[in-house]
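First up is the structure itself, then whatever we jot down about it.
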Amino acid sequence: MRILGIDYGDARVGVAVSDIMGFMANGVKTVKNKGMNALLLELKPIIEEYKPEKIVVGLPKNMDGSEGFRVEETYKFTDALKTIYDGEIIYQDERLSTVGASRFLNETNTRGKKRKAVLDTVAACLILEQYLNSIK
């Protein structure tokens, strides 16, 4: 049972996948967001390769728990995602996932272009791990 994790953003989209047992998340890649059609073309082969039972998408709520404009953009993304994926899509509160990813990259001394390239993938891993921990 694999689960895909997605950190959706305007510029980049991080993708992670669980191991077969559903214990831990592994980074897949960061995809540049060049518009919805191009993004779906990038995500489709990933979905076909891993055949996830579910996809967990980070929901960027405000710190007070309210839903802002970014949540609406995420809902639009998941509506489009449903055109290439017919399985279950779950939302996971992603507050502070990018902050957590930044801390992790600071601890591993990842800087410059490499940091920018992996930040969203690490955030997707954190979102997926939060979900995996919540279902254990």
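The values are calculated or read from the model by the stated rules, or taken from the named source; none is laboratory data. Predicted, not measured: the structure shown is a model, and the values here were computed from it. Virtual Cβ from ideal backbone geometry, glycine too; neighbours counted across all protein chains shown. Ligands, DNA and RNA are excluded from the accessible area calculation, which covers all protein heavy atoms including side chains. Shrake-Rupley method; radii C 1.70, N 1.55, O 1.52, S 1.80 Å.
Out of every Cα-Cα pair that region 14-69 contains, those further apart than 16 angstrom amount to 54 percent.
Karplus-based coupling profile of region 76-89, in residue order and whole Hz: 4, 4, 5, 4, 5, 4, 5, 6, 10, 9, 10, x, 6, 10, with θ = phi - 60° in 6.51 cos²θ - 1.76 cosθ + 1.60 and x standing for Gly or Pro. The residues of region 1-100 present an accessible area of 52 Å² per residue when probed at 1.4 Å with all protein chains retained.
Sorted largest first by accessible area at a 1.4 angstrom probe radius, with every protein chain in place, the residues 30, 78 fall in the order 30, 78. The packing ranking, built from the mean of other Cβ atoms within 10 Å per residue, places the peptides 81-92, 124-135 in the order 124-135, 81-92, highest first. Using a simple spin-label model with pseudo-atoms 7 Å out from Cα toward Cβ, residue 71 and residue 83 lie 2.5 nm apart. Taking each of 76/136; 54/82; 34/76; 51/136; 29/76; 29/51 in turn, the alpha-carbon distance tops 18 angstrom for 76/136; 51/136; 29/76. Treating each Cα of region 51-95 as an identical point scatterer and summing with the Debye formula, the log10 of I(q)/I(0) at q = 0.21, 0.26 Å⁻¹ comes to -0.68, -0.92. The 3J(HN,Hα) values that the Karplus relation (6.51, -1.76, 1.60; θ = phi - 60°) gives for region 2-18 are, in residue order, 9, 10, 9, x, 10, 10, 7, x, 4, 9, 9, 10, x, 10, 9, 9, 7 Hz. Gly and Pro appear as x.
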